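Input: a single structure, listed below in C-alpha cells.
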Ligand code: HEM
C-alpha cells in the first residue's frame, strides 16, 4: 500500500472537491442507483438500514469529504475507527470495495459530464483506493480479533 497520495493527485482532488460536493446529493443518489443493481450489495445496506433505522446515505458523502483529507491521515484516524467498526457490524469484506469504486466513479462522470476528464477521475480513483486500503487493513485486524 502506498503511504500517501502523490502530490499531483492531492492537487487534483483539492481543486475538484468543491464541485463534487456542490453536486454531492446527485452524485450520491446516482452512486446508489448503480451500486444497488447488484442484489448482494443491496442486501448489505438493507441490513444496515434495518439496524440503524435510517437510510444509509452517509457513505458517499463521507468518501467525498474524506478524499480531501487523504493527505492528513492522522486527522482521519477517529473517523476510520468508527467506520471500520460499522463495516464489521454490517459484514463488509475486501471483495465489496470494487463495487463502490465502480459505482462512485461513473456516478461522478454521469453528474458532472464534460466538467471531469480522465485525469480527474483517475485522481479520485486513486484517493478512493487509498482510503479503501486503510479501511480494509484495519477491518482485517478487527475481524481477526473478533474471531
Ligand atoms: C473508501 C471506502 C469507504 C468509505 C470511506 C466508507 C465510509 C463509510 C461511513 C462514513 C459510514 C458511516 C459510519 C457511521 O456510522 O458513522 C459507512 C457505513 C457503511 N458502509 Fe462504508 N465506506 C467505504 C466502503 C464501503 C463498502 C465497499 C461497502 C459495501 C459495499 C460499504 C458499506 C457500508 C455500510 C453497509 C454501512 C452502514 C450503513 C450506514 O450506517 O451508513 N462501505 N461507510
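Worth a mention:
- Estimated translational diffusion coefficient (Stokes-Einstein, Kirkwood radius over Cα pairs, 25 °C, 0.890 mPa s) of the stretch 62-114: 192 µm² per second.
- At the listed q of 0.10 Å⁻¹, the Debye profile of the chain, built from one uniform point per Cα, gives log10 I(q)/I(0) equal to -0.33.
- Förster radius 22 Å - calculated FRET efficiency between residue 25 and residue 110, Cβ distance, rounded to 0.05: 0.95
Read-outs throughout are calculated quantities, based only on the coordinates presented, and are distinct from any laboratory measurement. Please read these numbers as outputs of a predicted model, since none were measured by experiment. Reconstructed Cβ throughout: ideal geometry from the backbone, glycine too, with neighbour counts over all protein chains shown.
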